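A short write-up of the structure that comes next.
Bear in mind that the values in this text are calculations on the coordinates, not laboratory data. Just so it is clear, the structure is predicted and the values come from calculations on it, not from any experiment. No Cβ is skipped: glycine too gets one built from the backbone with ideal geometry, and neighbour counts run over all protein chains shown.
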Amino acid sequence: GPVLAIESSCDETACAILSPDGTCLAQRVVSQDGHADFGGVVPEIAARAHLALLPGLVQATLHDAGLTAEQIGFVAASTGPGLIGGLIVGAGFGKGLALALGKPFVAVNHVEAHALTARLPGLVAGGAPFPYLLLLVSGGHCQCIAVEGVGQYRKLGGTIDDAAGEAFDKVAKMLGLGWPGGPELEKLAQEGDPKAIPLPRPLLGRAGCDFSFSGLKTALSQKLAPYGHTALPRQFAADLAASFQQAVADVVADRIEHALNMMPEAQLLVCAGGVAANKVLRARLEEVAAAHSLRFAAPPLRLCTDNAVMVGWAALETCQEAAARGLPHPDDSTTRPRPRWPLEDMAQRFTPPQD
Ligand code: ATP
Ligand code: MG
Ligand code: FE
């Protein structure tokens, strides 16, 4: 039967129902408000909102799909990594529902769900066969991952300070823009000159594919210092936005260039996470992929940002992989939510316990 999936690892409360072949029967996402005034996600507010939203959201999604809970085959939920309060709410709800229905519960690694999204049937022209390189760039993540199979991931590099989306949000705040800052900064940058203000390119040309954005942030704050508390001239703010965006795109393109050299077997370059929406960054990544004769794919934005469709799909792929290896249907009803859950740990799922 279909999978009912729940996402609650950050500030999106989401539920989706997918048939076993990956067709989405219904899905709903609520992006929580109530965080904007604080300029960032407040974990305690998020957890309470998940708790308030989930029961109605699950019921509404079942209704959209024209299904009763009894018709569900199994339940899945993001169980880590992420904000622990939200994970406890979502995974706890999922386990309770599964228990009540007498169906299995599958614990999904949220980052794995981002990583496998490109494989949703029909999403990427020509499909997304393994192995491929994933660039995950969101508010909380910034990493290059070699996706070699279901459960088979190798982290090639990651940020040593801020995530890319976090950098966009912080710089946007410095420029007096609203939160989340990425989309507003991109809009302002359209009026600016990306060459107007010289900014550093942290780690550019350095071996490996780690990222760093905090130096860029500091450089920007130095450009702002002379203005103190007076309002920035509009053109100056736009030039800063454009120059910052260009610096990020240059750095990310360089890091991906290195990552592709570390993974010559890659079939495809996939970009996921909210920052994948950025058009300048996307254009640069397309160039890099083309230079390596690779296809480039970025899932549509609604599947790039947090959602439950990707959670359901990752659960289906996990079940399929287990079946292919002759293992029983996974049941993770005793798996505890965890704020950290390295992707490298996912292979354990398919290795029989040693004693
Ligand atoms: P997680 O990190 O757990 O996936 P998140 O909520 O932090 O969750 P997303 O929802 O995937 O991440 O993405 C939100 C981030 O993407 C924010 O930091 C936002 O500023 C950034 N972002 C969104 N649109 C753009 C854009 N057009 N340009 C740059 N950054 C953007
Ligand atoms: Mg979000
Ligand atoms: Fe996410």
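Give me the net charge for the shell around Ala189: Cβ to Cβ below 11 angstrom, other residues only, Lys and Arg +1, Asp and Glu -1.
-3
Let me test this: with uniform point scatterers at the alpha carbons of the range 296-355, what is the Debye-based log₁₀ I(q)/I(0) at q = 0.17, 0.24 1/Å?
-0.78, -1.23
What ranking do Ser243, Ser212 get, fewest neighbouring Cβ atoms within 10 angstrom at the top?
If I rank by nearby Cβ atoms, fewest first, I get Ser212, Ser243.
Between beta-carbons, use under 13 Å as the cut-off and find the net charge around Leu57, counting Lys and Arg +1, Asp and Glu -1.
Once positives and negatives cancel, what remains is -2.
Quick one: angle between helix 43-65 and the longest Cα principal axis of the chain, in degrees between 0 and 90, rounded to 10, please.
50 degrees
In nm, to one decimal, how far is the Ala36 label point from the Arg282 one, both placed 7 Å along Cα→Cβ?
Spacing of the two 7 Å Cα→Cβ label points: 2.3 nm.
Which Rg and Dmax, in Å, describe the Cα atoms of the range 232-342?
19.1, 65
Hand me the tally of lysine pairs in the chain: alpha carbons under 15 angstrom apart, and the pair either on different chains or 8 or more positions apart.
8
So what's the angle, to the nearest 10 degrees on a 0 to 90 scale, between helix 309-324 and the longest Cα principal axis of the chain?
Between helix and principal axis, roughly 50 degrees.
Hey, what angle do you get for helix 164-174 against the long axis of the chain, alpha-carbon based, 0 to 90 degrees rounded to 10?
50 degrees
What is the distance in Å between the Cα centres of the range 313-355 and the range 94-143?
With the range 313-355 and the range 94-143 each reduced to a Cα centre, they are spaced 13 Å.
Using square roots of five times the C-alpha gyration tensor eigenvalues, list the equivalent-ellipsoid semi-axes of the chain in whole Å, biggest first.
They are 36, 24, 17 Å, listed from largest to smallest.
In a shell of Cβ-Cβ distance under 10 Å around Val29, excluding Val29 itself, what net charge do Lys and Arg (+1) and Asp and Glu (-1) give?
Residues near Val29 contribute -1 overall.
Give me the three principal axis extents of the range 144-233 from the C-alpha atoms, as integers in angstrom, largest value leading.
52, 26, 21
Please work out, to two decimal places, the log10 of the ratio I(q)/I(0) at q = 0.33 Å⁻¹ from a Debye calculation in which every Cα of the range 44-84 carries one identical scatterer.
-1.12
Give the separation of the Cα centroids, the range 267-312 to the range 1-46, in Å.
Centre-to-centre distance over Cα atoms comes out at 20 Å.
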